[in-house]
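*Asks:* Got a structure for you, written out below as structure tokens; questions coming shortly.
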Amino acid sequence: MIFSKQKSQLGVDIGTSNIKLVELRPTESNFALSTYGIASVAYNLSVKDSGAAITQTAGVIRELVRRCGVTTNKAVASLPNNVVFTSVIELPKIPENELKKAVEFEAKKYVPLPLEEVALSWSILAEHASKEVAFGPTADKQKILLTAVPSLVIDNYVKMFHEAGLEPQALEIESLALIRSVIGDDTSAILLIDVGAKSTSVNVVDNGYLRFSKSLTVGGDTITQSLAQSLSVNFARAEQFKKDFGMTAAGAQIPQVIRPVLDMIKNEATQLINLFESHGNRMNKIIFSGAGSRLPGLSEYFSGLGKPISLAQPWGKVTFPENVKPVVEPLGINLAVALGLAMRLS
């Protein structure tokens, strides 16, 4: 769907089941939607023998770009959280010219691969007034968000985008893109839970910065597969049951089948909240994003955590024609990562 052909920027979210792209045009205050698209795909770009997957996925992206009428070849793309290692490390406040060596030395303790096999990046987390020990700086120390991605994965993604006819400007983990589109200028402490098809990320975000991220190997498809097996129906039928009833089904069978998957996410959320709050902080709220967060009864099931719960609203900084609102607005929760990626170059 095309809305504008003015200068714009492209975000490409490569998920485990779908590729989502969003093209945004910067305006004086925010962004205007130029075009968007979603396509299903199956691939794995994190393994060595991925030549066929690269070619296949590049073809899907190229066709999606064509169908959507994308007007730029410069793109920012996402890296799935499960192939990225992230950690917050603490270092003394030292001169900037000494920081690189210090970070690399400390990274050897945390990164599970030799440093020559990864692309290492870091950013200093801003100081703020809340009392922090585990998640923020003390008087003479600084907190640094460390990110490591296997070089093989980056090479595969760059090759794929070149085959698709795009020029990757940056590769970014999904959590950072979500912070940009979903949280924006909100400085409160937020537990951001992104429920994808095959994985779920649970992220502690404080003062607009990612403090911790944990990836779980369960998602919406995990629930659907469990329902299909329990109810002896095919995947498509189970998917419809999930979307229609979720945890609100009158009978006990569907909620009982779904509960173990949600409990894995809930237990991780509980641990991170407890850890965060054990050092004098307070988690203010929980935000769910991702297609899997549309599960009926999800918010009620997590209400026991004692925090206000809401669904992501990623269209806050994006305008689009009023006549397409009924179509576009419900897709926001699916396109949240792509939206955040497209906002990055501004």
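The values are calculated or read from the model by the stated rules, or taken from the named source; none is laboratory data. Bear in mind the structure is a predicted one, so any value in this text is a computation, not a measurement. No Cβ is skipped: glycine too gets one built from the backbone with ideal geometry, and neighbour counts run over all protein chains shown.
*Asks:* From the set of residues in region 284-309 that are in contact with a helix residue (DSSP H, G or I) (Cβ under 8 Å, 6 or more places away or on another chain) and among the hydroxyl-bearing types (Ser, Thr, Tyr), which is nearest to Ala338 (Cα to Cα)?
*Replies:* Selected residue: Ser289.
*Asks:* Out of (1) outside any loop (DSSP other than H, G, I, E, B); (2) within 27 Å of Ala338 (Cβ to Cβ), the odd one out for Phe241 is which?
*Replies:* (2)
*Asks:* Checking Ile273 against (1) within 18 Å of the chain's Cα centre (by Cα); (2) buried (at least 21 other Cβ atoms within 10 Å of the Cβ), which single condition isn't satisfied?
*Replies:* Status for Ile273: all satisfied but (1).
*Asks:* Could you grab me the full set of residues in region 207-236 that are exposed (fewer than 14 other Cβ atoms within 10 Å of the Cβ) and not hydrophobic (A, V, I, L, M, F, W, C)? Steps first, please.
*Replies:* Looking only at region 207-236, we keep the residues that are exposed (fewer than 14 other Cβ atoms within 10 Å of the Cβ), and these are 217, 229, 232, 234-236.
Matches in region 207-236: Thr217, Gln229, Ser232, Asn234.
*Asks:* Turning to a different aspect of this structure: Based on what the data block shows, is Glu174 in contact (Cβ under 8 Å) with a residue 40 or more places away in the chain, surrounded by 18 or more Cβ atoms within 10 Å (Cβ to Cβ) and either among the polar types (S, T, N, Q) or in the same structural domain as Ala336 (by TED's automatic domain parsing) (or both)?
*Replies:* Here the answer is yes, as Glu174 does meet what is asked.
*Asks:* A further question follows. Could you please let me know if Ala139 is in a helix (DSSP H, G or I), modelled with pLDDT under 85 and surrounded by fewer than 18 Cβ atoms within 10 Å (Cβ to Cβ)?
*Replies:* no
*Asks:* Leu298 passes all but one of (1) buried (at least 18 other Cβ atoms within 10 Å of the Cβ); (2) closer than 30 Å to Thr27 by Cβ; which number fails?
*Replies:* Only one criterion is unmet by Leu298, namely (2).
*Asks:* While we're on this one: If I filter region 283-294 down to residues being modelled with pLDDT of 95 or more and aliphatic (A, V, I, L, M), which single residue comes out as farthest from Asn334 (Cα to Cα)?
*Replies:* Across region 283-294, the extreme among qualifying residues is Met283.
*Asks:* Here are Ala249, Ala236: which of them is in contact with a Gly (Cβ under 9 Å, 6 or more places away or on another chain) and either farther than 26 Å from Ala338 by Cα or of a type outside the set (S, T, N, Q) (or both)?
*Replies:* One residue alone meets the criteria, Ala249.
*Asks:* Taking the residues in region 5-29 that are buried (at least 16 other Cβ atoms within 10 Å of the Cβ) and free of Cβ contacts under 8 Å to residues at least 60 places away in the same chain as candidates, determine which candidate is nearest to Arg66 (Cα to Cα). Don't jump to the end; show me each part of the working.
*Replies:* Of all residues in region 5-29, those buried (at least 16 other Cβ atoms within 10 Å of the Cβ) come to 8-16, 18-26.
Remaining after also requiring free of Cβ contacts under 8 Å to residues at least 60 places away in the same chain: 19, 25.
On the way: Ile19: 14, Arg25: 18 Å.
For region 5-29, the residue satisfying everything is Ile19.
*Asks:* Return the residues of region 287-316 that are within 18 Å of the chain's Cα centre (by Cα) and of a type in the set (Lys, Arg); say none if nothing qualifies.
*Replies:* Selection gives Arg294 alone.
*Asks:* Still on this structure: Of the numbered conditions (1) touching a residue at least 12 places away in the same chain (Cβ under 8 Å); (2) under 25 Å from Ala39 (Cβ atoms); (3) in a helix (DSSP H, G or I), Pro314 satisfies every one except a single condition; which is it?
*Replies:* So the condition that Pro314 fails would be (3).
*Asks:* Still on this structure, I have one more. Being under 15 Å from the mean Cα position of the chain (by Cα) and in the same structural domain as His279 (by TED's automatic domain parsing) narrows it down to one of Gly246, Gly196, Gly208, Gly219, so name that one.
*Replies:* Among Gly246, Gly196, Gly208, Gly219, only Gly219 is under 15 Å from the mean Cα position of the chain (by Cα) and in the same structural domain as His279 (by TED's automatic domain parsing).
*Asks:* Follow-up. Against the definition (at pLDDT below 90, surrounded by 15 or more Cβ atoms within 10 Å (Cβ to Cβ), part of a loop (DSSP other than H, G, I, E, B) and over 22 Å from the mean Cα position of the chain (by Cα)), how does Ser130 come out, yes or no?
*Replies:* Spelling it out, Ser130 is indeed at pLDDT below 90, surrounded by 15 or more Cβ atoms within 10 Å (Cβ to Cβ), part of a loop (DSSP other than H, G, I, E, B) and over 22 Å from the mean Cα position of the chain (by Cα).
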